[in-house]
Amino acid sequence: MKAIEIVGKSKSGKTTLIEALIKELTERNLKVGAIKKSFHHNVEYDKEGKDTYKMEKAGASITGGFSKNSAFICYRYPLHPREFIKEFSEVNILLIEGEMGLAVPKVYCLGSDPAPDDPLIFAYFSLEEHKSGRNEKTFSLKDTGELCELILERVPDTLPQLNCGKCGYDCTGLLTRILGDEASIKDCKVLYGTKSRVKINGKPVELMPFLDEMFVNIVKGFLSPLKGYSKGKIHIDIEE
């Protein structure tokens, strides 16, 4: 999954851009997810008076709605952004309106104020068709297709957001180098330097290198005395 934050001041066109990107990307047969980061108030998904609204107000920690054509789930407690975006792991592209404190590439929507100096900004957007004065191109609505091409070409799969430092950097530092063509996603030791791949209910669980080594040694130590054990790829399924 590739995740991108669409950031900028109020009224700079963030929602307008996300709507255009969703349309363009879905027309390319890609599955797109979207998150709205709210800064000033709690997010309310369901409408007052609806059954799920009543369940939430009654004190349910997690409520959900399920029907033939759609489903949703609402958490009534804070989640770490790293854990929340895992709920979107089935999509190809995740568009986030606002900053969630993640090490992900950003598109900055220009307004009257100058853009910040942020190494994770890889493109700019303007509701007006003008250049930003920087070396990077500023995209407008008529350039949505071109911006999608840049996203698909330049944005790597999302880093694990663990900041383990095993690659020599935190996730922001490694992503900065990736965007600057000084490194690649394969330099991430969690994604590409571990021997085990763990999934729970189909969702990947990233293991830091020292946990990966511990996990592998425990499994091999348990299995090696058993008849039929041999060196090679081990596949384990556990059901509760």
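Report the calculated FRET efficiency for TYR53 and ILE218 (r = Cβ-Cβ distance, R0 = 45 Å), to the nearest 0.05.
Working: r = 46 Å, r/R0 = 1.02.
The formula returns an efficiency of 0.45 here.
On the protein heavy atoms, probe 1.4 angstrom, tell me the percent of accessible surface of the stretch 3-92 carried by carbon and sulfur. Before the final figure, lay out each step's value.
Details: 3210 of 6240 Å².
Accessible surface attributable to carbon and sulfur in the stretch 3-92 totals 52 percent.
Using only alpha carbon pairs under 8 Å that are at least six residues apart, calculate the relative contact order of the chain and give it in whole percent.
On the way: 309 pairs, mean separation 49.8, N = 240.
This gives 21 percent for the chain.
Residues with amide H under 5 Å of ALA34's amide H, sequence separation 5 or more or different chain, H placed in the peptide plane at 1.01 Å from N; which?
Distant-sequence amide H within range of ALA34: LEU95.
Got a sec to turn the phi values of the stretch 66-79 into Karplus ³J(HN,Hα) couplings, 6.51 cos²θ - 1.76 cosθ + 1.60 with θ = phi - 60°, whole Hz, x for Gly and Pro?
Listing the rounded values in order: 9, 9, 4, 10, 7, 7, 8, 9, 10, 9, 9, 8, x, 10 Hz.
For the chain, modelled as a Gaussian network with Cα springs under 10 Å, which listed residue fluctuates most, ILE62, ILE96, ILE185?
Highest fluctuation of the listed residues: ILE62.
Please give, to one decimal in nm, the separation of the simple spin-label points placed at LEU127 and ILE234, each 7 Å out from Cα toward the Cβ.
5.8
What residue among ASN163, ASN29, ASN201 has the largest mean-square fluctuation in a Gaussian network model of the chain, using Cα springs under 10 Å?
Of ASN163, ASN29, ASN201, the Gaussian network model singles out ASN201 as fluctuating most.
So for the pair GLU27, LYS199, with labels modelled 7 Å out along Cα→Cβ, what separation do we get in nm?
3.2
At 222 nm, what value in deg cm²/dmol follows for the chain if DSSP H runs of at least 4 each add -39500 (n - 2.57) and the sum is divided by all its residues, to the nearest 500?
Details: 7 runs with 65 residues, N = 240.
Rounded to the nearest 500, it is -7500 deg cm²/dmol.
State in Å² the accessible area per residue of the chain; use a 1.4 Å probe, count heavy atoms of protein chains only, and round to the nearest integer.
Working: 15660 Å² over 240 residues.
With all protein chains present, the chain gives 65 Å² per residue.
As an exercise, identify the trypsin sites (Lys or Arg not before Pro) in the stretch 51-135 lying in DSSP coil whose Cβ has no more than 13 other Cβ atoms within 10 Å. It would help to have the intermediate numbers written out before the result.
Numbers: sites: LYS54, LYS57, LYS68, ARG76, ARG82, LYS86, LYS106, LYS131, ARG134; in loops: LYS68, ARG76, LYS131, ARG134.
Passing both the DSSP loop test and the Cβ count: LYS68, ARG76, LYS131, ARG134.
In Å, what is the Rg of the alpha-carbon atoms in the stretch 66-148, and how long is Dmax?
In order Rg, Dmax, the Cα atoms of the stretch 66-148 give 16.5, 50 Å.
With a 10 Å radius around each residue's Cβ, average the other Cβ atoms per peptide and rank 137-145, 228-236, highest first.
Working: 137-145: 16.6, 228-236: 7.4.
Answer by packing, highest mean first, reads 137-145, 228-236.
What nm value, rounded to one decimal, do you get for the distance between SER38 and LEU152 when each label is placed 7 Å out toward the C-beta?
Going by the 7 Å Cα→Cβ label model, 3.4 nm.
In terms of modelled amide H atoms, which long-range or inter-chain residues lie less than 5 Å from the amide H of CYS109?
Residues meeting the amide H criterion: VAL7, GLY8, PHE125.
Let a ≥ b ≥ c be the square roots of the eigenvalues of the Cα gyration tensor of the stretch 179-240; is it rounded (a/c under 1.5), or, if not, prolate (a/b larger than b/c) or oblate? Present the calculation step by step, with values, prior to reporting the outcome.
On the way: a/c = 2.83, a/b = 1.87, b/c = 1.51.
Because a/c hits 1.5 or more and a/b exceeds b/c, the stretch 179-240 counts as prolate.
Can you give the direction-averaged projected area of the convex hull of the alpha-carbon atoms in the stretch 1-108, in nm²? The partial results should precede the final answer.
Working: hull surface 31.8 nm².
Averaging across all directions leaves 8.0 nm² for the Cα convex hull.
Among all helices in the chain defined by DSSP H, which have a length of 20 Å or more along the axis from Cα atoms plus a Kyte-Doolittle mean of at least 0.5?
Numbers: long enough: 209-223 (21 Å, 0.96).
For the chain, where a helix must reach 20 Å along its axis and average at least 0.5, the hits are 209-223.
Please state, to two decimals, what the Cα-based radius of gyration of the chain comes to when divided by 2.2 N^0.38 Å (N = residues). Don't jump to the answer; show the numbers that get you there.
Numbers: Rg = 21.2 Å, N = 240, 2.2 N^0.38 = 17.7 Å.
Rg over 2.2 N^0.38 Å, computed on Cα atoms: 1.20.
Just add up the charged neighbours of LEU120: K/R +1, D/E -1, any other residue whose Cβ is under 9 Å from the Cβ of LEU120. Let's see the in-between values first.
Working: positive: LYS106; negative: GLU5, ASP118.
Here the count lands on -1.
What is the stretch 117-215 by shape, rounded, prolate or oblate, if you read a ≥ b ≥ c off the alpha carbon gyration tensor as root eigenvalues and call it rounded for a/c under 1.5, prolate for a/b larger than b/c, and oblate otherwise?
The shape class here is prolate.
The values are calculated or read from the model by the stated rules, or taken from the named source; none is laboratory data. In this text, all values refer to a predicted model and were calculated from it rather than measured experimentally. We place every Cβ from the backbone using ideal geometry, glycine too, and count neighbours over all the protein chains shown. Heads up: the accessible areas ignore ligands, DNA and RNA and are worked out on the full protein's heavy atoms, side chains in. Shrake-Rupley method; radii C 1.70, N 1.55, O 1.52, S 1.80 Å.
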